[in-house]
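Contents: one structure, followed by commentary.
Just so you know, all these numbers are worked out from the coordinates, no wet-lab data involved. Predicted model only: the values in this text are computed from it and were never measured. Ideal geometry is used to build each Cβ from the backbone, glycine not excepted, and the neighbour counts take in all protein chains shown.
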Amino acid sequence: MRRALVIARQTAIFMSGLPSSPNLTPVGRLARWTQSEFNVALRTSARPDGTTMNDMMPWKFFSHLSDEELRAVFAYLRTVPSAPSPGK
């Protein structure tokens, strides 16, 4: 039992330090992005506003996807049910 409590506490400490992720549903940041901006962001880490993505985002993996594959990812993200953004 004590071991389980220690593991649970360590997990809670670890989870509290995880970065938050952006809202990728249709009401989030991507709602304003074009397909071209999405492609550039996933290939170079450069967002339309000029900032770069956090290193936690595996953009280097996505940089090798074809235009067709990126269109499919972008289209899929547009179908994810909307979720409220944190703090709203």
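Tally Lys/Arg at +1 and Asp/Glu at -1 over every other residue whose Cβ is under 13 Å from the Cβ of V40; what's the total?
Value of the local net charge: -1.
Working out 0.36 nm times the residue gap between T79 and N54, then minus their Cα-Cα distance, what length gain in nm do you get to one decimal?
6.6 nm
Once the other residues with Cβ under 12 Å from the Cβ of L70 are scored (Lys, Arg +1; Asp, Glu -1), what is the net sum?
Net local charge, L70 excluded: -2.
At a threshold of 8 angstrom on Cα-Cα distance, excluding pairs fewer than six apart, so keeping six or more, what relative contact order does the range 21-79 reach in percent?
Rounded, it is 34 percent for the range 21-79.
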